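I have placed the structure first, in the form of structure tokens, so that the comments after it can refer back to it.
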Amino acid sequence: MGAIIWLASYPKSGNTWMRSYLHNLLTNAKASVPIDDLTRFCLGESGAGPFAALAGKPYEILTDQEIAQLRPRVHREFTRASSDSVFVKTHNYLGEWNGQPLHNMDVTAGGIYILRNPLDVVLSLQNHFAMTLDEAIDRLGLFGAGTETGGGHVPEVHSSWSHHVESWTAQANPQLLVLRYEDMLAQPQAVFGATARFLGLNPSQERLERAIRFSSFKVLKEQEEKSGFKERPKNAKAAFFREGRAEQWREVLSPDQVRRIISDHRVQMERFNYVPADYA
């Protein structure tokens, strides 16, 4: 039995990119790992199968209270997947839902938390959830935001962007590595190298560079264009791997929309240097 390492993020913040990098690195892949194979390496916290198995009935008829009560048991079952660390993807905020913890800390070894400028996150949310921009801005600030049971998944509890970020990062924790998406783009060698060291790994420079190259946005987008991606929502407006750039918001958001997002999230944006100088 191992212990969980959470790969945590608010939706559309770089979680899949990190999963691809770690899969390529840890398997020492000689060709880019197919994106549809990522679930073999990293478990998904919201996958309905383990909940239905433990409940002994279809997940579709489980109540929210039943799902909440099952979660700690499901997480303990995750640790049986390996005698070593078990990577588990989560978009849940760090807290409780229906009186139960969203993450079982009794079986947790640590985590990696990835955050991204909400001015860019909102553009990806718009496409991912098939919303208008203003609806996506509303969702970004919605304390009760999340998903519902369906499509092979139990509910995810996202909360607002600010609450999500604060819940995971407010307290210093040596067992949690906090990364910015923008730094992953600008300094991949430094950031992905630090991630490897955080996990107790010391890969050769060639192996590190290969894993970074095989998990690049360009490679992942080409894979999706060629073969699709099973994690892309059916109602999404665009591809899962859409742009992958920082500062896209300057080309899309109106000044009023920018000011609205900053007003809703200023405290956490200031903590991570996300408030643009021209809007300070």
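Computed quantities for the displayed model
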item: Theoretical gain in end-to-end length, Glu247 to Gln189 [0.36 nm per residue, Cα-Cα removed]; result: 18.8 nm
item: Ala29 versus Thr63: modelled label distance in nm, points set 7 Å from Cα along the beta carbon direction; result: 4.3
item: Pairwise FRET efficiency - Glu96 versus Arg40, Cβ, R0 = 35 Å, nearest 0.05; result: 0.70
item: Part-to-part distance (alpha-carbon centres) for the stretch 98-123 and the stretch 153-204, which is given in Å; result: 9
item: Ranked by how many other beta carbons lie within 10 Å on average, peptides 51-64, 73-86 from highest; result: 73-86, 51-64
item: Beta bridges per DSSP with both ends in the stretch 1-136, % antiparallel, nearest 5; result: 10
item: Added length on full extension, which subtracts the Cα-Cα distance from 0.36 nm per residue, Asn173 to Ser204; result: 8.4 nm
item: 5 angstrom amide H check on Gly95, placed H, neighbours 5+ away; result: Leu102, His103
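Laboratory data are not the source of any read-out in this text; all were calculated from the coordinates shown. The shown structure was predicted, so the numbers you read here are calculated from the model rather than taken from an experiment. Glycine also receives a Cβ, built like all others from the backbone with ideal geometry; neighbour counts cover every protein chain displayed.
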